[in-house]
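The values are calculated or read from the model by the stated rules, or taken from the named source; none is laboratory data. It should be emphasised that the depicted structure is a prediction, and the values quoted were computed from it without experimental measurement. Here Cβ is always computed from backbone atoms with ideal geometry, including for glycine, and neighbour counts include all displayed protein chains.
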Amino acid sequence: MPMNFLPPFMKKTLITLQIIISLLLATAILIQNRGSGLGSLAGGSGGEGFHAARRGAEKLLFNATIFLGFLFCANAFVISFLSE
């Protein structure tokens with residue numbers, strides 16, 4: 001089903017959703033710095049020298065990044081499928 005047959009608000013909604021998801025995904029990725037944890041954002045040392053398990057906000061951010069990546073891909077496939 002071509003995207004031309006969709007209501008105009010649906011096409012705009014899917015594209016707007018893609019932009020919002022991409023901005024959230026980029027932000028989530030940039031916040032995660034491999035060498036330091038979220039504690040370094042508040043001025044902490046970031047746990048240099050050892051690797052600790054993800055806990056609390058770091059685990060939530062990690063899982064949110066995976067979920068946003070999945071949403072980004074799924075929305076891209078929907079837009080691609082509907083635009084043919």
Looking only at region 1-20, which residues are surrounded by 10 or more Cβ atoms within 10 Å (Cβ to Cβ) and modelled with pLDDT under 75?
Met3, Leu6
Can you say whether Ile29 is under 19 Å from Leu82 (Cα atoms) and at pLDDT 85 or above, as far as the supplied structure shows?
no
With the first residue restricted to region 1-26 and required to be closer than 10 Å to Leu82 by Cα, and the second required to be modelled with pLDDT under 75, Cβ contacts under 9 Å at 6 or more apart or on different chains are Met1/Glu84; Pro2/Glu84; Met3/Glu84; Lys11/Met3; Lys11/Asn4
